[in-house]
Amino acid sequence: MFTVNHNKEAPQKSKKKAFRPPKKISGKYLHNSGLAYLQRFPASTHHFKQVMMRKIKRSCAHHTDQKMEECVKLLDDTVKNFKRLGFLDDEAYLRGMVNSLRRRGQSSRAIQAKLTQKGFTQEQILKALQAYDDENESGEIVFALLLARKKKIGPFDETEKYTPDKALAILARAGYSYDIAKKVLEFSKEESEEQISIL
């Protein structure tokens, strides 16, 4: 026979987080908030300003006594100060991004698309790409091979999981031309490793 324990406490419902109003915008707030963001996420000036503008808009929507123009002026001053201190360095950020994306096997086309979203011009991106490729004596074929190794396609597909057409499609989606993708699939694994070793 089962007995019912009437003293058993009912499970408590999870409490909703209390609403925390956005802080008022001040030079000190933008400095501290901006610095905290950059310590976690390296950013271009363009992207950093987008992030901080979202904070400003939320704050101005709540604190209606604030003037958007004055808040934007404070942000501009913060950006100038951060550049002077070296917290925002678009050239260094661009070099770092190109280096990181290249080593992940990204094509020039894919890198241009990604970095355009970060606020860089085509001229800036192409210049950074050229500098990286010249320094590393490598080109699209090597980075396509890096991607092939990462995806285990072409010369790195030891189990023959992907048909040539599927492998070509993967490289095409990554932004590589048909000619580059076809060459990658013609390499042996040994040739591929030799090509990649120059990085």
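Read-outs: derived from the displayed coordinates by stated rules, not from any lab. Here the structure is a predicted model, which means the values were calculated and not measured. Using ideal geometry, Cβ is built from the backbone for each residue, glycine included, and neighbour counts are taken over all protein chains shown.
Give the residue from Q130, Q117, S197 lying farthest towards the positive end of the charge dipole for region 52-199; charges sit on Cβ (+1 for Lys and Arg, -1 for Asp and Glu) and the dipole is referred to the Cα centre.
Q117
Please find, in a Gaussian network model of the chain (springs between Cα atoms separated by less than 10 Å), the residue of F143, F19, F187 whose mean-square fluctuation is greatest.
F19
If you project the alpha carbons of region 77-122 onto the principal axes, what extent comes out on each, in Å, largest first?
36, 18, 11
In whole angstrom, how long is each semi-axis of the equivalent ellipsoid of the chain, when you take the square root of 5 times every eigenvalue of its Cα gyration tensor and sort them from largest down?
45, 33, 13
P(r) for region 99-199: what percent of alpha-carbon pairs falls in each 10 Å bin, starting at zero?
16, 48, 28, 8, 0
In Å and from the alpha-carbon atoms only, list the Rg and Dmax of region 44-138.
Every Cα atom of region 44-138 included, Rg and Dmax give 16.8, 57 Å.
When the Cα atoms of region 27-85 are enclosed in a convex hull and the volume is divided per residue, what value in Å³ results?
Value for region 27-85: 76 Å³ per residue.
I'd like the per residue volume of the convex hull spanned by the Cα atoms of region 140-196, given in cubic angstrom.
63 Å³
Provide the gained length on full extension for the span H62 to A169, in nm with one decimal, where the gain is 0.36 nm per separating residue minus the Cα-Cα distance.
Going from the current span to full extension adds 33.6 nm.
Return C60, C71 ranked ascending by Cβ neighbour count within 10 Å, so the fewest neighbours appear first.
In order of increasing Cβ crowding within 10 Å: C60, C71.
In nm, to one decimal, how far is the modelled label at Y37 from the one at K151, with both set 7 Å along Cα→Cβ?
3.4 nm
So if I take the centroid of the Cα atoms in region 56-94 and the same for region 151-199, what is the distance between those two points in Å?
45 Å
Go ahead and set up a Gaussian network model of the chain, Cα springs under 10 Å, then flag whichever of K67, K152, K57 fluctuates most.
K67
Rounded to the nearest 500, what is the chain's calculated 222 nm mean residue ellipticity when only DSSP H runs of at least 4 contribute -39500 (n - 2.57) each, over all residues?
Result for the chain: -20500 deg cm²/dmol, rounded to the nearest 500.
For the chain, find the longest principal axis of its Cα atoms and tell me its angle to the long axis of helix 45-62, 0 to 90°, nearest 10.
20 degrees
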